[in-house]
Structure formats: C-alpha cells, structure tokens
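What follows draws every value from the coordinates through simple rules; no lab data is involved. These numbers were taken from a predicted model, which means no experiment stands behind them. Don't worry about glycine lacking a Cβ; one is built from the backbone with ideal geometry, like all the others, and counts go over all protein chains shown.
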Amino acid sequence: MKRMWARRLQKSGCALNLAVIFVTATLLPMRMIASGPAPLNQAGNPAMVPADRLSEDWWKQRHEAVLHDVAEHPDTQLLLIGDSITNNYDKSTLPDENFQPTWKTFYEPRKALNLGFSGDTTANVLWRLDHGEVAGLHPTVALILIGTNNTGFKSESAEQTEVGIDAVIANLEQRLPETKILLLGILPSDISDSKTETDLAVNAYLANGYSENPRVTYLEVGSIFYKNNKLDASIFYDPRLPQHGKPLHPDTNGQRMMAEAIEPTLAKLMGDSPRMPLDAMTEINTALIPVPKLEQDSYDWYARHHAELNTKLRINPRVVMIGDSITHFWGGLPNANHVNGPTAWQHLFRDDAGAVLNLGFGWDRTQNVLWRLRQGEFDGLTPRAIVLMIGTNNLSGSSNARASTPQEIVAGIEAIREELHRRSPSSRLIVMAILPRGRSAADPFRVSIIATNKLLSARFGNDASVTYLDIGAKFLDADGTLPVSMMSDGVHPTDAGYEIWADALADTFRKLNTTP
C-alpha cells in the first residue's frame, strides 16, 4: 500500500514527506494530510494545494458567514461539505431550485451546517478547512460531495482529483477524529464524454480505496439519475436556464431523490431513524445503489468478502456462482460455515475444487452484489459460465432496506449483468428465475415472485447473450405446495432441492458446451 501511494505522489509531482503521511488503522490506501507544519511539495497537483477565492466578494462573505455559524452552533451534528450541489440547499426558488424543503426534512433536524460553495474544487475545500470552517465542532457525520469541478472546468485528471479528495478526507480525519465521513461519488452529468469517463474513473478509485475504512463510508448514488440507461435530463435544471446548459445540477426533484438515496446510509451513521419511512421513499430504486452488508446473518460478511478476494487468486474457475444464501450454502470455495447441498454439488462439479468459485452471500440483495463486484470479487476472472441467482431478498423489507418491486429487481439484475459483461464479455451468463418460497401457493411472496420472473423472462428470454433458466415449478407439488423435502424452511433448498438445480445446470452446461 505504501509503495502504491508513493507512486501516486510521484505522479502528482509531490515529494514524499513521511512526517505528514496519515495512515488509518485499517489496510487502506494511505492518504496525506493537507495541513500541518511540514506540508508536501504540492506544486504538481493543484487539486491538493489549498486555494482561496477571497477575490470573489460573495465567496468571501459566505466564508465569513460560515465562520459565524460555526461559532454560534458548536452543537452541530452534521456537516455537508461540497460545491454548488450542496450550496443549493440554501435556495428556495420555485419550481426548479426549491431545495429548502429537502433541507428541512433530512438535514435541519439533525443540526446540520451547509458548507457548500458554488464552484469549489478540492483545493478550495482544503483552504476552507484550514481556515476555521470546522474549528471547535464535533459533528457525528460529515457528508462530502466534491470533485465535479475538478474534472469539469478545471480539467484536472482523474488521478489529480483522486489525490485531492484523498487530501480532503485526510484533513477531516485529522481535524475531526471522532466524526464519521460519508463520501459520495461524483454525480453523473452530460458535460462531455471525457468528463464522464474521468468521473467514472474517480468513483471506481474511491469505491476501492474506501471500501472498508471504519471512518469513511463511500456511497455512489449516480444510478438514480438514469432512466432507460440514459441520463435523465428532466431532473437537472441546467437545460431550463436561459443559457440552456448541459445537465450538471439536480433540480428540485433530483435533489430530493438524491437525499432519499442517501438517507438510509446517513441515518445508520447518525445513529438515528430515517427522516422518512423507508417504504415511503419509492422514487429511487435502492436495488441499484451499491452498498455493503445490510443484514446480520450467521457468518461474517466482510470476512467472506476477503476470502473471495483471496480464493480467486489461487484458482482459475470455469464457473462462477453469484447470489445470496441459496448459492452461499450450496458448497464450493470459499468454504461456508454450513452446507445444505453437498451431494448435489458433488454430482455437478465432482472433486475439482478449483473449477468453481462461489460468490454467494447470505442475505444479499442486488445492491450488495453490485457493491461486491465493484470491490473486485470478479475482477480478472474469465469463466466459461456465470450462474446468477439473486433477488429473493429484495422482496423482503427490513429496518435497513425497503422491499423492491419486481421492476426494480429486474433493473438491479440488469445492472449486475452489465457489470459482469464489462469484466468478462466472453463468459456465458445464466440468469436463474427466483425460486418459489413459502409453504403454500397462497404465500404472499408467490405473487411477487411470479411477477418478477415474468419480467425476467421478458428481459432475458430472447437475449442471445444470456440463458434464462426457470426451474421453480420442479420444486412444487401439483397444488403449488412447496414440500419440506425440497425446502425445509420454505426458502432454502435441501440436498434434494439442490439436485434439481444441479440437473438443470448440467443440462444447460452441455447445451452451451461449457461443462465445468
């Protein structure tokens, strides 16, 4: 890790000075502190050189106003730090820039301060932090959204912007040692293809660099701004301005959607309840927002994630299984704490332990799979076949996540498909229908499962690059009853249930000429 960070500093034109290198307690990328008695030689990267904008009267006045607010509100519990997208919460202009209702719903009750400055880059945020904007505060959470101006009108590279964001994080970690940091990925825009490419690179770096830092939670909510795989310009106000700008700033509705997407994670970090019931926040598809562990299960979620990363370095799997507990507890590597289908696994895959990698995680939803894929679990793999069975847990709501609709689940599976295809376009993807659950045909889940599978069939049934496989009927009696012999708890297959899946996959592998 130290060598990686040293190379990054060298590329940025920075002389490595260990006196000001800040290392967190976890094995994550090392990040520099932007302030202190022995600053780095930062001339090569403007993104990490603290810079003011005091020549602009409004900026100077806003900075002075923030200092006043900081002094007047030492009990502040939430900081929002960023550029114009954060600054906009001060506006109440109808209809497109009426952001105060969102502020009053989600942030004001949490004793929040708005440290957003229109046009700011990481360099400006660093200067503001160095000049008193968090002095004397002990907030519970600092929410950071910064970088779009670095990659926009500043034309800074992905690497420069990444180092700038790292510097902001390190600065805050030093100044607010007890504060949790919620770091948002750069939001999508339609400024240019090159900016979009750069922003995606920055977000990929942040997702990996801050995946398990106990102080920093990374959250990427860009998916909410897309509709039918295209940026939804209708929820940005720029095109409706007199200058007819390109989409960059979320409008009243877009900003509200963003707040809703952030809310479950923010509430957890704040240690309070969501400001709105999760079931009421339906404008955003949470099945598309990558998040790590949501629910407590019978195993260590993060330990399994690390086991997946280590296992894939030791084997070259011809088949990768991806899913939730139904996949997790079937068998294979890495070893699960208990196995429900050993005979069926042996029947299908025999004794070749290296032939299959099991990326199943109990209680996972589509959003968890997206997180894991973006944290490297599939990187570098080129299996002959990928078997994806996910979505049944999306049907269940909890205090951590609301239930997803069939349409949302299919969108989540489609997003997983895109992630997998981008990483290994030669692999054949087998998308499994959601298995039946609940003992009776009248079980409430059955209606949602049937609706979801119908949509999955419509989406993937005629897709030449995907094999859609629905084996649910084979688990049921003629009257729709799910026998105990197939699923002892009404959700997870027994060894006999797994035999049905094994037979179906064996037949599919033969047809696709992908026999493991």
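Calculate the FRET efficiency for Ala71 and Ala303 from the Cβ-Cβ distance with a Förster distance of 41 Å, rounded to the nearest 0.05.
Working: r = 45 Å, r/R0 = 1.10.
My answer for the efficiency is 0.35.
Using the 10 angstrom Cβ neighbour count as an exposure proxy, how do Thr265, Thr151 rank, fewest first? Intermediate values should be presented prior to the final figure.
On the way: Thr265 22, Thr151 27.
The fewest-first ordering by Cβ neighbours comes to Thr265, Thr151.
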Inset, instruction - Please tell me the relative contact order of the chain in percent, rounded to the nearest whole number, where contacts are Cα pairs under 8 Å and at least six residues apart. - result: 10
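Counting pairs of alpha carbon atoms under 8 Å apart in space and at least six apart in sequence, what relative contact order in percent does segment 301-512 give? Kindly include the intermediate steps, with their values, before the conclusion.
Numbers: 358 pairs, mean separation 44.8, N = 212.
Contact order relative to length: 21 percent.
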Inset, instruction - Considering only DSSP beta bridges where both residues belong to the chain, give the percentage that are antiparallel (nearest 5). - result: 20
Legend entry - FRET efficiency, 1/(1 + (r/R0)^6) with R0 51 Å, evaluated for Asp443 and Lys111 via beta carbons: 0.70
Legend entry - Inter-probe distance in nm under a simple model that places probes 7 Å from Cα toward Cβ, at Val339 and Lys474: 2.1
Legend entry - Cα centroid separation - segment 111-173 against segment 324-343, whole Å: 44
Inset, instruction - Sort segment 202-251 into rounded, prolate or oblate with this rule: let a ≥ b ≥ c be the square roots of the eigenvalues of the Cα gyration tensor; rounded if a/c is under 1.5, and if a/c is not under 1.5, prolate when a/b is larger than b/c, oblate otherwise. - result: prolate
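Please give the calculated 222 nm ellipticity per residue for the chain, where each DSSP H segment of at least 4 residues contributes -39500 (n - 2.57) and the sum is spread over every residue; nearest 500 deg cm²/dmol? Don't skip to the end; give the middle numbers.
Numbers: 16 runs with 192 residues, N = 516.
So the calculated ellipticity at 222 nm is -11500 deg cm²/dmol.
Give me the dipole magnitude in Debye, nearest 20, for segment 301-512 about the Cα centre, with unit charges on the beta carbon: positive for Lys and Arg, negative for Asp and Glu.
Numbers: 22 positive and 21 negative charges, 103 e Å.
Using Cβ point charges on Lys, Arg, Asp and Glu, segment 301-512 gives about 500 debye.
In square nanometres, what is the average projected area of the Cα convex hull of segment 301-512?
On the way: hull surface 43.9 nm².
Spelled out: convex hull of the Cα atoms, projected over all directions, averaged, 11.0 nm².
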Inset, instruction - Stick to the Cα atoms of the chain, pair each with every other, and give me the Kirkwood hydrodynamic radius in Å at one decimal. - result: 24.5
Legend entry - Ranked Ile315, Ile449, criterion: other C-beta atoms within 10 Å, fewest first: Ile315, Ile449
Legend entry - Chain lengthening between Asn228 and Ser92 when straightened (0.36 nm per residue, less Cα-Cα): 46.0 nm
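How high is the FRET efficiency between Ala451 and Asn310 when r is their beta carbon distance and R₀ equals 45 Å, given to the nearest 0.05? Don't skip to the answer; put the middle values down first.
Details: r = 39 Å, r/R0 = 0.86.
Taking R0 as 45 Å, the efficiency between Ala451 and Asn310 is 0.70.
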Legend entry - Asp272 paired with His421, simple spin-label distance in nm, labels 7 Å along Cα-to-beta-carbon: 4.3
Legend entry - Rounded tilt (10° steps) of 2-11 against the dominant C-alpha axis of the chain: 50
Inset, instruction - Compute the distance in nm between two label points, each set 7 Å from the Cα along the Cα-to-Cβ direction, one at Asp351 and one at Glu56. - result: 7.0
Legend entry - Percent of Cα-Cα distances greater than 24 Å, calculated over segment 51-203: 32
